[in-house]
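Data first, discussion second: the structure below is written as structure tokens.
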Amino acid sequence: MKKILNYLFEHKTLGREDAREILLDLGKGAFNEHELSAFMTVYLMRTITIDELLGFRDALLELSVPLRFPDHQVIDIVGTGGDGKNTFNISTLSCFIVAGAGQSVAKHGSYGASSISGASNLMGAIGYEFKNDQDLLRRELEVSNLCFLHAPVFHPALKAVAPIRKNLRVRTFFNLLGPMVNPCDPEFQLVGVYNLEIARIYNYLLQSGKRKFAIVHSLDGYDEISLTSDVKLITEEGEKMFTADQLGGMSIDGIEISGGETVEEAAKIFMNILNGDGTKSQNAVVCANAAMALYLTGKFGDYDASFAAAKESLESKKALDVLKKLLTLQSQKQ
């Protein structure tokens with residue numbers, strides 16, 4: 001690692017194969033925590049290159065537990081995190097709304113490294129048990145339209161860096177890798193990013209793949225459709241700008257979508273919204289993100305129809321039923 005660090009400290013970058021080999025070694029436990037901290041810090045000082053990100057992604061997928069759902073066309077809704085906004089779990093909640101609207105969801109997520117409550121913190125708090133058993137996850141999809149893929153049980157290589165990321169409490173290049181390494185290789189992906197530079201990198205990566213995608217970035221720095229500012233949308237068809245009114249029917253203040261100060265508070269907000277007790281602003285934000293995901297799949301036609309389907313899923317408690325089915329199925333296995 002000393003040789004690698006000296007190379008990077010000279011403002012040089014890694015080729016795709018070199019990046020792949022380094023992360024393979026990381027996954028095999030070849031580096032100590034001090035070496036890993038120094039390595040991760042390099043990418044806090046400069047933007048990761050496309051080749052580096054591709055190489056790191058190649059290694060993580062190579063080391064991952066394999067998973068496929070050939071009988072389901074699934075979508076993942078995920079943000080990079082690291083925007084420092086401390087919103088409630090908008091992407092995760094949107095997944096339940098999308099599943100309630102009839103679209104299969106394979107949500108990939110992990111514990112919050114730079115936030116109070118990541119997707120896995122939330123899912124654990126509401127009683128979901130993490131697993132990497134393909135048959136059990138497929139059954140969850142069949143029964144509820146949703147399964148959750150807890151990154152650490154699919155990506156053992158991440159185990160070595162998890163405590164370091166938790167201690168650093170800042171975004172690292174692993175925030176960027178998360179949305180790119182869903183082990184089931186979903187057919188559709190809605191990705192939220194915290195700045196436009198990362199949006200361009202993701203656009204390049206996703207253009208080279210087969211999945212249909214949409215990248216969203218709120219111009220005031222949110223890695224999702226926040227309704228606090230205009231939103232940039234990037235797809236394989238090009239780029240568009242939308243106002244908050246166009247996407248959610250209203251413009252809101254960031255404080256209205258705060259995620260609380262603890263995982264328990266985040267879980268309470270999540271359940272309040274699913275149970276129909278969310279505020280107008282909270283409901284508008286989750287429906288806007290869910291609507292963009294549904295629009296991406298093409299199931300409901302235009303965006304307005306997709307928003308109506310998302311709103312109906314939330315208000316009719318179909319989204320809540322997704323959670324109930326998941327937890328009931330889980331209890332039956334015990």
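The values are calculated or read from the model by the stated rules, or taken from the named source; none is laboratory data. Note that the coordinates shown come from a computational prediction; the quantities given were computed from them, not determined experimentally. Don't worry about glycine lacking a Cβ; one is built from the backbone with ideal geometry, like all the others, and counts go over all protein chains shown.
Data overview
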| quantity | calculated |
| --- | --- |
| Helices (runs of 4 or more DSSP H) wholly inside the range 133-194 that include at least 2 residues being within 15 Å of Gly27 (Cβ to Cβ) and at pLDDT below 95 | 151-154, 162-168, 173-177 |
| Subset of the range 29-58 [touching a helix residue (DSSP H, G or I) at 6+ places or on another chain (Cβ under 8 Å), over 23 Å from Tyr204 (Cβ atoms) and without any contact (Cβ under 8 Å) to a residue 60 or more places away in the chain] | Glu35, Ala38, Phe39 |
| Residue tally, condition of a type in the set (A, V, I, L, M) and surrounded by fewer than 18 Cβ atoms within 10 Å (Cβ to Cβ), over the range 25-35 | 1 |
| Any chance Leu327 is in the same structural domain as Asp83 (by TED's automatic domain parsing), closer than 28 Å to Ile201 by Cα and touching a residue at least 40 places away in the same chain (Cβ under 8 Å) | no |
| Unmet requirement for His108, which otherwise passes all of (1) in contact with a Pro (Cβ under 9 Å, 6 or more places away or on another chain); (2) part of a helix (DSSP H, G or I); (3) under 14 Å from Val78 (Cβ atoms) | (2) |
| Residue within the range 93-112 that is under 18 Å from Leu176 (Cα atoms) and among the hydrophobic types (A, V, I, L, M, F, W, C) present | no |
| Filter result for Asp58 (modelled with pLDDT of 90 or more and buried (at least 17 other Cβ atoms within 10 Å of the Cβ)) | yes |
| Lys318 without any contact (Cβ under 8 Å) to a residue 24 or more places away in the chain, assigned by TED's automatic domain parsing to the domain that holds Met123 and within 30 Å of Lys131 (Cα to Cα) | no |
| Exclusive hit being at pLDDT 90 or above, among the hydrophobic types (A, V, I, L, M, F, W, C) and within 24 Å of Asn195 (Cβ to Cβ), set Phe96, Phe88 | Phe88 |
| Odd one out for Phe130, checked against (1) buried (at least 22 other Cβ atoms within 10 Å of the Cβ); (2) closer than 15 Å to Leu323 by Cα; (3) not aliphatic (A, V, I, L, M) | (1) |
| Asn272 being surrounded by 21 or more Cβ atoms within 10 Å (Cβ to Cβ), at pLDDT 95 or above and under 24 Å from Gly81 (Cα atoms) | no |
| Within the range 72-106, considering residues that are surrounded by fewer than 24 Cβ atoms within 10 Å (Cβ to Cβ) and on the phi > 0 side of the Ramachandran plot, the one nearest to the chain's Cα centre (by Cα) | Gly82 |
| Restricting the range 113-132 to residues that are of a type in the set (Gly, Ala, Ser) and outside any loop (DSSP other than H, G, I, E, B), the residue that is farthest from Met180 (Cα to Cα) | Ala125 |
